[in-house]
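The structure appears below as structure tokens.
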Amino acid sequence: MIKESTIAQQLDHRTIRAFTKQPVAPEIIEQLVSVARHTATSNFQQAFSVISVTDQAKKQQIAAISKQPYVAANGHLFIFVADQHRNQQIGAEMGKTENQLGGADRFLQAWSDTTLAVQNTEVAAESLGLGTVILGSILNDAQKLIDLLQLPQLTFPVLGLAIGWPDQAPQLKPRLPEKFVHFENSYQLPTPVEPQLTDYDAVVHQYYDLRDANRRVDTFTNQVQQRLAMVPEKRGELLAVLRWQGFLLE
């Protein structure tokens, strides 16, 4: 049974982007990697790997890729990688030359293994009092990151995770009301959607206003509609990079 304190911790999750200079002890890093390794895995293939980026020059380059300067600052940086290369290597060493590890099914298995490991590691880190920020922004230039980390065929970077001792205490970010994300037995989105989100938009507007009065104040629905046709630079190349890595070729 999940302890009530664990649920309270998860409901109180806040993204932390500023860490103190106190380093995360090696034994904590080892413990968190152990948690990642013990995450649920599809078909027991364990199709992910974790890279600790400790080289400051590489952290700087990843910060540039992410366009998030804090990535290169204090804290420990993990890059979680979908990894079918290891299983291909095992098969090759056992004389198996044919494999389907680059197919959509195996890619999605590796992707889900990886994202589950990220979430597990984040929960564990926060249980120790650490702050965390998950970095989808590492895919702003996937090929550059692949080259930087020397990722072989049948691997692909999925998410970064920066952890450290918190040096900020941001507000709790408001989430969508349950009726828009939880349905029973079939998909039942209440429509029209946008008019029913007026109250939620007001809460989000206030959240941004209180977080930083000098920044643009926005609502949830406005953010959604602005991103409908937006393809960030380099992200339009993701399918090509995936195929270059040996995935989704069928």
**OP:** Just report the Cα centroid separation between segment 78-105 and segment 147-165, whole Å.
**Re:** 17 Å
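Over segment 23-117, what is the relative contact order in percent, taking alpha-carbon pairs closer than 8 angstrom and at least six residues apart?
The value is 39 percent.
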**OP:** Could you tally the net charge around Tyr207, taking each other residue with its Cβ under 10 Å from the Cβ of Tyr207, Lys/Arg +1 and Asp/Glu -1?
**Re:** 0
**OP:** Estimate the FRET efficiency between Gln119 and Ala8 by the formula 1/(1 + (r/R0)^6), using the beta-carbon distance for r and 22 Å for R0, to the nearest 0.05.
**Re:** 0.80
**OP:** Under 15 Å from a label point 7 Å along Cα→Cβ of Ala40: give me every residue in segment 2-21 with its amide N that close.
**Re:** 2
**OP:** Please build a GNM for the chain, connecting alpha carbons under 10 Å apart, and tell me which residue among Leu151, Leu239, Leu32 fluctuates the most.
**Re:** Leu239
**OP:** With label points built 7 Å along Cα→Cβ from the Cα atoms of Thr221 and Gln171, find their separation and express it in nm.
**Re:** 2.0 nm
Original post:
Hey, what number do you get for the chain at 222 nm if only DSSP H runs of n ≥ 4 count, each worth -39500 (n - 2.57), divided across all residues, to the nearest 500?
Top reply: -12500 deg cm²/dmol
**OP:** Jot down the per residue volume, in cubic angstrom and as a whole number, of the convex hull over the alpha-carbon atoms of segment 2-94.
**Re:** 165 Å³
Original post:
Which whole-number percentage describes the relative contact order of segment 92-250, with Cα contacts under 8 Å and a sequence gap of 6 or more?
Top reply: 29 percent
Subject >> Residues of segment 49-73 with amide N under 19 Å of the 7 Å Cα→Cβ point at Thr20 >> reply: 73
Original post:
Of Ala162, Ala240, Ala117, which has the largest mean-square fluctuation in a 10 Å C-alpha GNM of the chain?
Top reply: Ala240
**OP:** Measure nothing fancy, just the Cα-based angle from helix 26-37's long axis to the longest principal axis of the chain, in degrees from 0 to 90, nearest 10.
**Re:** 80 degrees
**OP:** Calculate how steeply helix 198-211 sits against the longest principal axis of the alpha-carbon atoms of the chain, using the helix alpha-carbon long axis, and give the answer as 0 to 90 degrees to the nearest 10.
**Re:** 80 degrees
**OP:** Could you work out how far helix 56-66 tilts from the main Cα principal axis of the chain, as a 0 to 90 degree angle to the nearest 10?
**Re:** 60 degrees
Subject >> Residues in segment 71-85 that a label on Ser52 would reach, taking backbone N under 15 Å of a point 7 Å out along Cα→Cβ >> reply: 75-80
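We did not get these values from a lab; they are worked out from the coordinates using the rules stated. Computed from a predicted structure; not experimentally measured. Cβ: placed from backbone, ideal geometry, glycine included. Neighbour counts: every protein chain shown.
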